[in-house]
Amino acid sequence: MGSSNFLIQTAIYLSSALFLVPLFKRLGLGSVLGYLLAGILIGPYALKLIPDPEQVLHFSEFGVVLMLFLVGLELESQKVWELRKTLFGLGGLQVLMTIGLVTFATHLMNFTWPVAIVIGMGISMSSTAIGLTALIEKKLLSTPGGQASFATLLFQDLSVIPLFMILALIAPNTQESGFDLSAVAKAIGVIVAIIIASRTLLRPIMRMVAQTEIREIFVAFSLLLVISVSLAMQSVGLSMALGTFLAGVLLADSEYRYELRLDIEPIKGLLLGLFFIAVGMSVDLKLIANSPLMIFGFAFLIVLTKIAILMGLGHLFKYSFRDKLLFGVALSQVGEFAFVIFGLALTQNTIPRETYNILNAIVAVSMLTTPILLLLYNRFLKLQFEEQPRDQITENNAVIIAGFGRFGQIVGRVLMARGITATLIDNDPNQIDLMRKFGWRCYYGDASRLDILEEAGISKAKLLVISLNDPIATLNIGKLVKERWPHLAVVVRARSRTDAFDLRDIGLNPIRETFYSALVAAKQALLSIGESESIAEKVIKHFEHHDSDQLEATRTIRHDMNAVRNMAEKGRQDLKDLLIFEQENMARKE
């Protein structure tokens, strides 16, 4: 009977998701909102198909853990270190300012100081699941605003221990000090153990598992790895998501990270969808129906307050308006960790049951607003991206072109003129539809994925042309190819000098997309103001060689802005002196 009930509930979850999520995706409302409303529909306050959402919520939270592990796999330790100012500066200020402002405001509403502090701590948290999922889905995680959101969410996970200490201190009739040195020592010990194990034990073990050549065994090991790290972190009171993120970062330079990502990605997607459904089921529709103005009013007030705080901090850290707005919208909701804070405060008798129920309803409503706000963000800033099913690649050619926009098309046309056929891959469905109208056979897919490159015949190809618009994806493909197929010829496009630095660091020789066209424009400018053809030709040639040397010299000192500025000033003077000297030589010859 129990197994039958489990299968029935599973069928309900899958049916509701299959019906609503594609519908909301097609309407441009995003998958997260579809999952949330599916949960509301089947939950105990609507159709009552699922009576107890709490058990599902606890189980499905593992999807958030898997997501953070996969995010960690995409980052190297150096990249995380580069985020330290944003992590502790922006993230720390966001948590402290939100707690302070909300605590003071709720105390003015006649709440006691302990209750006000609990509310402030809960509201300071944002939803890692909703925020990161939406950013990844909209392909905005690599933007400055997306990176600021990610760093702030990571800091919120880091703040778990001090927030729990504060809860213990303000609990009524507590006999504990709230500051347990042994617990802190255990937490540090577990983190050190994870770091040591990842550097010494994991790779030999993964090598042994991989040598079995049994795919399901590697999948089982991948899940066991994440579960083990999660349990270790949970045993010392730390965030499971923080622990698995750390494990992912430590494995980011492992040769098995692509297999880990491919194995865990589908499971992560299902569990995250289940998590959003569980959040939707926890929305108390009766409470909202009885006090709609209070619940929706406070939820919207909190969302607007958090947007104002986040955008203010974004302005302080000199982000553009687009990135400030993205930062504010992505983290405007109250997160799932607020349920934990409010639940613990309830068990400690810090907040009454009625307040607890109202707070949970407000949290759930605030979560519903984020997909809608991100939709408006995309509409206003014209960043909407529509997904479509990936094509099956049915040809293997000597050349693969990843990214068939304006840059990749020129390369493809030249190759075709010489009778060379290339396999074309792009991740923009609108671009693919346009190319097919002009007779190009272009496949939809993410070329940074190992399985797609293998499907395109990368192991037998002679050349890979990387001409994507996304610099992060370009760098990821470059790293993957250099590690897996080091002898494959690679032609890669760089959108800027900064991107060129990163690509040179991994051993590629990038072509800056606007550099040579700008040289042609500069030559035409010289000719237009009366310079001769020979002088214009020499000036452009000298500039090209000088800039290439300057690019390589700047790469080694690019993190020192004073040194970069000094080199740029010296380079401009050196180039000017060189051109004057060349002009005088030509004058003497004439």
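What's the number of the only condition in (1) under 30 Å from P486 (Cβ atoms); (2) among the charged types (D, E, K, R); (3) part of a helix (DSSP H, G or I) that E255 fails to meet?
The single condition E255 does not satisfy is (3).
In this structure, is E531 assigned to a helix (DSSP H, G or I) and out of contact with any strand residue (DSSP E or B) (no Cβ under 9 Å at 6 or more places or on another chain)? It would help to see each step written out before you state the result.
Details: assigned to a helix (DSSP H, G or I): no; out of contact with any strand residue (DSSP E or B) (no Cβ under 9 Å at 6 or more places or on another chain): yes.
When the stated conditions are applied, E531 does not pass them.
If I ask for residues that are within 16 Å of L270 (Cα to Cα) and either of a type in the set (K, R) or surrounded by 22 or more Cβ atoms within 10 Å (Cβ to Cβ) (or both), which ones from the stretch 38-60 would you list?
Scanning the stretch 38-60 gives A38, G39, S60.
Does S4 satisfy being surrounded by fewer than 22 Cβ atoms within 10 Å (Cβ to Cβ), in a helix (DSSP H, G or I) and at pLDDT 75 or above?
So S4 does not fit the description; no.
Does the stretch 279-291 hold any residues that are closer than 14 Å to N360 by Cα and either outside the structural domain of T355 (by TED's automatic domain parsing) or not hydroxyl-bearing (S, T, Y) (or both), and which are they? Even if it seems obvious, please write down each step before you answer.
Initial filter on the stretch 279-291 (closer than 14 Å to N360 by Cα): 279-288, 291.
V279, G280, M281, V283, D284, L285, K286, L287, I288 - these are the residues of the stretch 279-291 that are closer than 14 Å to N360 by Cα and either outside the structural domain of T355 (by TED's automatic domain parsing) or not hydroxyl-bearing (S, T, Y) (or both).
Report, by residue number, each residue of the stretch 263-303 that is touching a helix residue (DSSP H, G or I) at 6+ places or on another chain (Cβ under 9 Å), more than 26 Å from A105 (Cβ to Cβ) and not hydrophobic (A, V, I, L, M, F, W, C).
Narrowing the stretch 263-303 to residues touching a helix residue (DSSP H, G or I) at 6+ places or on another chain (Cβ under 9 Å): 263-265, 267-285, 287-288, 291, 294-296, 298-300, 302-303.
Imposing the further condition that a residue be more than 26 Å from A105 (Cβ to Cβ) reduces the set to 263-265, 267-278, 280-281, 285.
Correct list: D263, E265, K268, G269, G273, G280.
If you take the residues in the stretch 319-368 that are among the polar types (S, T, N, Q) and surrounded by 20 or more Cβ atoms within 10 Å (Cβ to Cβ), which one is farthest from the chain's Cα centre (by Cα)? Spell out the reasoning first.
Taking the stretch 319-368 as the starting set, the residues that turn out to be among the polar types (S, T, N, Q) are 320, 332-333, 347-350, 355, 357, 360, 366.
Adding the requirement that they be surrounded by 20 or more Cβ atoms within 10 Å (Cβ to Cβ) leaves 332-333, 350, 360, 366.
Numbers: S332: 17, Q333: 17, T350: 36, N360: 27, S366: 21 Å.
Per the criteria, the residue is T350.
What number goes with the only condition from (1) at pLDDT below 75; (2) on the phi < 0 side of the Ramachandran plot that I362 does not pass?
I362 satisfies every listed condition except (1).
Hey, among L14, L33, L23, L18, which residue is part of a helix (DSSP H, G or I) and modelled with pLDDT under 80? Steps first, please.
Numbers: L14 fails: modelled with pLDDT under 80; L23 fails: modelled with pLDDT under 80; L18 fails: modelled with pLDDT under 80.
The unique qualifying residue is L33.
Name the residue, out of R261, R207, that is surrounded by fewer than 14 Cβ atoms within 10 Å (Cβ to Cβ), modelled with pLDDT of 75 or more, part of a helix (DSSP H, G or I) and among the basic types (K, R).
Numbers: R261 fails: surrounded by fewer than 14 Cβ atoms within 10 Å (Cβ to Cβ).
After ruling out the rest, the residue left standing is R207.
Is it the case, given these coordinates, that V118 is buried (at least 23 other Cβ atoms within 10 Å of the Cβ) and within 20 Å of L250 (Cα to Cα)? If you could, list the steps in order and put the result at the bottom.
Values: buried (at least 23 other Cβ atoms within 10 Å of the Cβ): yes; within 20 Å of L250 (Cα to Cα): no.
Criteria not met by V118.
Scan the stretch 283-318 for residues that are more than 27 Å from K48 (Cβ to Cβ) and surrounded by 16 or more Cβ atoms within 10 Å (Cβ to Cβ) and jot them down.
To start, the set of residues in the stretch 283-318 that are more than 27 Å from K48 (Cβ to Cβ) comprises 297, 300-318.
Within the stretch 283-318, I302, V303, T305, K306, I307, I309, L310, M311, L313, G314, F317 qualify.
I want to confirm something. Restricting to the stretch 372-394 and keeping residues that are modelled with pLDDT of 80 or more and of a type outside the set (S, T, Y), which single residue is nearest to D284 (Cα to Cα)? Don't jump to the end; show me each part of the working.
In the first step, residues of the stretch 372-394 are kept if they are modelled with pLDDT of 80 or more; the result is 372-374, 376-377.
This time we only want the ones that are of a type outside the set (S, T, Y), so: 372-374, 376.
Numbers: I372: 20, L373: 22, L374: 24, L376: 26 Å.
For the stretch 372-394, the residue satisfying everything is I372.
Restricting attention to the stretch 43-61, which residues are more than 18 Å from V365 (Cβ to Cβ), of a type outside the set (F, W, Y) and assigned to a helix (DSSP H, G or I)? Before the answer, list the steps.
Just the residues of the stretch 43-61 that are more than 18 Å from V365 (Cβ to Cβ), to begin with: 47-52, 54-56, 58-61.
Remaining after also requiring of a type outside the set (F, W, Y): 47-52, 54-56, 58, 60-61.
E54, Q55, V56, H58, S60, listed by residue number.
From the list I540, I477, I535, which residue is modelled with pLDDT of 85 or more and either under 17 Å from G408 (Cα atoms) or of a type in the set (A, V, I, L, M, F, W, C) (or both)?
Step by step, each of I540, I477, I535 is checked, and only I477 is modelled with pLDDT of 85 or more and either under 17 Å from G408 (Cα atoms) or of a type in the set (A, V, I, L, M, F, W, C) (or both).
Could you list all residues from the stretch 133-148 that are modelled with pLDDT under 75 and either surrounded by 23 or more Cβ atoms within 10 Å (Cβ to Cβ) or more than 14 Å from I472 (Cα to Cα) (or both)?
Of all residues in the stretch 133-148, those modelled with pLDDT under 75 come to 137-139, 142.
If the condition is that a residue be modelled with pLDDT under 75 and either surrounded by 23 or more Cβ atoms within 10 Å (Cβ to Cβ) or more than 14 Å from I472 (Cα to Cα) (or both), then E137, K138 are the ones that fit.
Of everything in the stretch 112-167, what is of a type in the set (G, A, S) and part of a helix (DSSP H, G or I)? Give them in sequence order. Even if it seems obvious, please write down each step before you answer.
So in the stretch 112-167, the residues of a type in the set (G, A, S) come out as 116, 120, 122, 124, 126-127, 129, 131, 134, 142, 145-146, 148-149, 151, 159.
Passing the criteria: A116, G120, G122, S124, A129, G131, A134, G145, G146, A148, S149, A151.
The values are calculated or read from the model by the stated rules, or taken from the named source; none is laboratory data. Predicted model only: the values in this text are computed from it and were never measured. Note: ideal-geometry Cβ built from the backbone for every residue, glycine included; neighbour counts use all protein chains shown.
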